[in-house]
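A short worksheet on the structure shown next.
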Amino acid sequence: MSDQPVIEAILAGDQAAWDALVTRFAGALWSAVRAYDLNPADAADAVQGTWLRLLENLHTIRDPDRIGPWLFTTAKREASLLRRRHRGERLVADPVDTEHARSAPADAGHVHADPVLAVLTADESRRLWQAVDRMPEPCRSLFRLMATAPDAGVRQLAGRLGMPSGSYGPTRGRCLNRLRTMLTTREATP
Amino acid sequence: MTRHPTTIDDESLIAALRLASGSDPVPAQVTAAARAVFGLRLPDADTARPVVTSVPQGVRSAEEPGLLRFVAAGLTVELEVTSPDGLVDLAGQISPCPGAGTLVEIRTPHLTESRPLSPTGQFAVTGLPPGWFSVVCHRPDSFPVVTSWTRIRP
């Protein structure tokens, strides 16, 4: 399905076409920025900035099928900048990234390559959790907890998993690597 | 279908798991704000893009005000950003100075402030809420120029 008619309608000033685009991607963008450990206010800020950037750059998007990846890449960048800010870097305004607006979103990733966009279909969402169900502990419990308690802190998550706080990050990293490998292997199978 | 799983980073996996579990739905006001963004479109405007200034861009020491520069064809907008009280003050310079009758709009997603441009091409606005902002220069004899949306947080 091409987004060309959607882009053309939006460029012509059609609010309904814009609203439809918002409805389609709002959930994915929210999850994308929340994964950067942003509180709801900062996550809202990052998502709003993403839509502002789309409005500003829509006429430059050459490939209409790239709106999803473009939005997603832009949201991740905004979220990443906000996370950096919270880690103590003082930025009065965000660093100039003039390359970004033109090239990065269009070049980053491939259509459907990103799991968050893929998960927008119910089938993919089920397959992702089926992969988690095949994982050993503590990965299975860790992912379930992480997914259902998005605002829980590390100490709280570690406590509920019965592990020291210092172990949570490294364990999560190993589990994510494992899941990534499972998904990669799955994709390689015809 | 060609896939490139090597592009999957940790944050994307975490986001996918959460999205699939449906336990962190997008708040209604976030979706409403995204719809409202469309009201800010300026289809006839030329966009002034940010360029690196001599002060390291985006970095602010305790005393130095932030200086931002945006360039469009034939027009440069410079903004000095200060935040003495948690709110944002902007002092701007547009060069070369457009003709008399130029109006400057300082926009946030929530409010717009208008200022006539001084004969020397300057304008100022104080007490803006932190967050996203953009400056529009309405010239009497040419298309408007709008700066790329920029986030300012004290």
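The values are calculated or read from the model by the stated rules, or taken from the named source; none is laboratory data. Keep in mind that what you see is a predicted model, and the values were worked out from it rather than measured. Positions of Cβ are backbone-derived with ideal geometry, glycine not excepted, and every protein chain shown enters the neighbour counts. Heads up: the accessible areas ignore ligands, DNA and RNA and are worked out on the full protein's heavy atoms, side chains in. Shrake-Rupley method; radii C 1.70, N 1.55, O 1.52, S 1.80 Å.
For this structure, a couple of remarks:
- Other protein chain Cβ atoms within 10 Å, averaged over every residue that makes up A:115-122: 6
- Buried accessible surface for the B/A chain pair comes to about 6100 Å², total over both chains, computed with a 1.4 Å probe.
- A simple count of charges around A:Y168, restricted to other residues whose Cβ falls under 13 Å of its Cβ and scoring Lys, Arg +1 and Asp, Glu -1, yields +3.
- Look at the Cα gyration tensor of segment B:42-152: its axes a ≥ b ≥ c give a/c of at least 1.5 with a/b over b/c, and that counts as prolate.
- Its residue count N sets the reference 2.2 N^0.38 Å, and the alpha-carbon radius of gyration of segment A:121-188 equals 1.15 times that reference.
- In the context of the full protein assembly, A:T148 retains an accessible surface of approximately 90 Å², using a probe radius of 1.4 Å and ignoring ligands and nucleic acids.
- For segment B:78-135, the solvent-accessible area works out to 44 Å² per residue, with a probe of 1.4 Å and every protein chain left in place.
- Ranking A:P69, A:W51, A:A79 by Cα position along the charge dipole of segment A:29-86, where only Lys, Arg, Asp and Glu carry charges on their C-beta atoms, puts A:A79 farthest toward the positive end.
- For residues of A:39-48, the mean tally of beta carbons on other chains within 10 Å: 4
- Magnitude of the charge dipole for segment B:42-152, about its Cα centre and with charges confined to Cβ atoms of Lys, Arg (+1) and Asp, Glu (-1), is about 200 debye.
- Surface accessible to a 1.4 Å probe, per residue, for the residues of segment A:115-190, Å²: 54
- Going from the chain on its own to the full set of protein chains, segment A:133-159 has these residues losing 30 Å² or more of accessible surface (heavy atoms, 1.4 Å probe, no ligands, DNA or RNA): A:M146, A:A147, A:P150.
- Spacing of the modelled spin labels on A:V154 and A:T121, each 7 Å from Cα toward Cβ, amounts to 3.7 nm.
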